[in-house]
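Working notes, beginning with the structure itself.
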Amino acid sequence: MAIFALTLMFLLCSPSVAILLSRLQLPSPLTGPESLAFDRNGGGPYVGASDGRIFKYVGPDEGFKEYAYTSPNRNNTTCDGLADFSTLQATCGRPLGLGFNHQTGELYVADAYFGLVKVGSNGGPPTQVGVTQDNPFHFVAGLDVDPDTGIVYFTEASANYQIKDIQTLLSSRDSSGSLFKYDPSTNQTTVLLRGLALPSGVAVSRDGSFVLVSEFLANRIQRFWVKGPRANSSELFLLLAGRPDNIKRNSLGQFWVAVNSYLGPSPPPRPSILPVGVRVNEYGLVLQVVSLTEEYGTDAASEVQEFNGTLYSGSLHASYASVFTP
């Protein structure tokens, strides 16, 4: 409980206010830049959108330009401009987590319907990877790529619900989620943890020794050890006074976590400052809390990411990505 009390104190007492620098607007009427990624040349951010496409931000004059898509049989006439949570997303795709393999230039995407896919260094059509015959994915959500090995860690938010059922899932006590590892050198997918309560975010440590995975419905982050004397074991990393979504590592090896209010019917009393971005070190010590309420109000922030000294955030409900001072 000491970790919980420490985190709660930071959430309630000492948040700073993020100063909005700009909003990077998606092409209308698209929404849902849930996650962001930057390529090995610093280009981007790249974001996914509600109609199954991935866009690259190329500058204030041109804005976002189409880069790739996640459905192997995408029909532009049917899919372009699709609203979020449409039943057509099962055909058109819904990209969520994004991460580059900076050695190859390939972009890996966690698509809610098509699972783990990758896109070549020049964008374009996807290749589905990480599929196992005995485990068809229902709702793939988050991912991270180990920068040294190229191994991809990704989450299945639920084996019982799909993203179209998100409101029912948020009101449930579902714990059918899992953490997986995909090794592109062997094309093998391995399950690392099961029984997770809506695992949404995942991030590998700077030295590749452990992976963090957030459990949105359990208000916690777990650590799974990949290397060392505790390899293949897990432990509680952090308890939070809110719902943790995506996790992103910064250049110092610290982690930014998007933390949101309780969602679903009849939520318990909640801190009024949520959503926030929480920066923690590799020991789970909270270093900084940044309030995002002026930007998102009561809507959820899905990700906070630090890149070249600037904060970027995304949301499943917004039509833009936000740029802040840290």
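Of the residues Leu88, Leu30, the single one that is touching a residue at least 12 places away in the same chain (Cβ under 8 Å) and of a type in the set (A, V, I, L, M) is Leu30. Taking the criterion of being farther than 19 Å from Cys92 by Cα, modelled with pLDDT under 95 and surrounded by fewer than 15 Cβ atoms within 10 Å (Cβ to Cβ), the residues of segment 123-150 that qualify are Thr132, Gln133, Asp134. In segment 252-266, the residue that is modelled with the lowest pLDDT out of those that are surrounded by 10 or more Cβ atoms within 10 Å (Cβ to Cβ) and assigned to a loop (DSSP other than H, G, I, E, B) is Gly264. Restricting segment 169-183 to residues that are at pLDDT 95 or above and open to solvent by 50 Å² or more (accessible area, probe 1.4 Å), the residue that is farthest from Ala49 (Cα to Cα) is Ser175.
Report whether or not Glu306 is in contact (Cβ under 8 Å) with a residue 40 or more places away in the chain, over 25 Å from Leu170 (Cα atoms), open to solvent by 10 Å² or more (accessible area, probe 1.4 Å) and not basic (Lys, Arg).
Values: in contact (Cβ under 8 Å) with a residue 40 or more places away in the chain: yes; over 25 Å from Leu170 (Cα atoms): yes; open to solvent by 10 Å² or more (accessible area, probe 1.4 Å): yes; not basic (Lys, Arg): yes.
Against the criterion (in contact (Cβ under 8 Å) with a residue 40 or more places away in the chain, over 25 Å from Leu170 (Cα atoms), open to solvent by 10 Å² or more (accessible area, probe 1.4 Å) and not basic (Lys, Arg)), Glu306 qualifies.
Which pairs have Cβ atoms under 7 Å, sit 6 or more apart or on different chains, and link a residue in segment 208-229 that is under 12 Å from Asp144 (Cβ atoms) to one that is open to solvent by 30 Å² or more (accessible area, probe 1.4 Å) and outside any strand (DSSP E or B)? The qualifying pairs are Gly208/Asp148; Gly208/Thr149; Gly208/Val226; Gly208/Lys227; Phe210/Val226; Val211/Val226. Considering (1) over 18 Å from the mean Cα position of the chain (by Cα); (2) crowded, with 16+ Cβ neighbours inside 10 Å; (3) assigned to a strand (DSSP E or B), the lone condition that Ser71 does not fulfil carries the number (3).
The condition of being surrounded by 24 or more Cβ atoms within 10 Å (Cβ to Cβ) and of a type in the set (A, V, I, L, M, F, W, C) does not hold for Ala83. Among the residues of segment 276-289, is any crowded, with 20+ Cβ neighbours inside 10 Å and in a loop (DSSP other than H, G, I, E, B)? No, that holds for no residue. Residues in segment 36-68 that are of a type in the set (D, E, K, R) and assigned to a loop (DSSP other than H, G, I, E, B) were compared, and the one that is farthest from the chain's Cα centre (by Cα) is Asp61.
Take Phe55 and tell me if it is open to solvent by less than 60 Å² (accessible area, probe 1.4 Å), modelled with pLDDT of 95 or more and among the hydrophobic types (A, V, I, L, M, F, W, C). Judged against the criteria, Phe55 is a match. Do we find a residue being polar (S, T, N, Q) and within 21 Å of the chain's Cα centre (by Cα) anywhere in segment 104-120? No, segment 104-120 contains no residue that is polar (S, T, N, Q) and within 21 Å of the chain's Cα centre (by Cα). Here Val117 meets the list (1) touching a Leu at 6+ places or on another chain (Cβ under 8 Å); (2) crowded, with 23+ Cβ neighbours inside 10 Å; (3) not in a loop (DSSP other than H, G, I, E, B) almost entirely, failing just condition (1).
Might you let me know whether segment 299-316 holds any residue that is aromatic (Phe, Trp, Tyr) and either at pLDDT 95 or above or part of a strand (DSSP E or B) (or both)? Don't jump to the end; show me each part of the working.
Here is the first cut: in segment 299-316, the ones aromatic (Phe, Trp, Tyr) are 307, 312.
Add one more test, that the residue is either at pLDDT 95 or above or part of a strand (DSSP E or B) (or both), and what stays is 307, 312.
The answer is yes; a qualifying residue exists.
Would you check which residues across segment 86-109 are buried (at least 16 other Cβ atoms within 10 Å of the Cβ) and more than 16 Å from Lys164 (Cβ to Cβ) and list them? Gly97, Leu98, Gly99, Phe100, Asn101, Glu106, Leu107, Tyr108, Val109, listed by residue number.
Give me the residue from segment 151-168 that is touching a helix residue (DSSP H, G or I) at 6+ places or on another chain (Cβ under 9 Å) and of a type in the set (S, T, N, Q) and, out of that set, least open to solvent (accessible area, probe 1.4 Å). If you could, list the steps in order and put the result at the bottom.
Keep residues of segment 151-168 that are touching a helix residue (DSSP H, G or I) at 6+ places or on another chain (Cβ under 9 Å), which gives 157-158, 160-164.
Still in the running and of a type in the set (S, T, N, Q): 158, 160, 162.
Details: Ser158: 0, Asn160: 104, Gln162: 55 Å².
Filtering first and then ranking leaves Ser158.
The values are calculated or read from the model by the stated rules, or taken from the named source; none is laboratory data. Worth saying up front: this structure is predicted, and the values here are computed from it rather than measured. Every residue, glycine as well, gets a Cβ built from its backbone with ideal geometry; the counts of neighbours run over all protein chains shown. All accessible areas refer to the heavy atoms of the entire protein, side chains included, with ligands and DNA or RNA removed. Shrake-Rupley method; radii C 1.70, N 1.55, O 1.52, S 1.80 Å.
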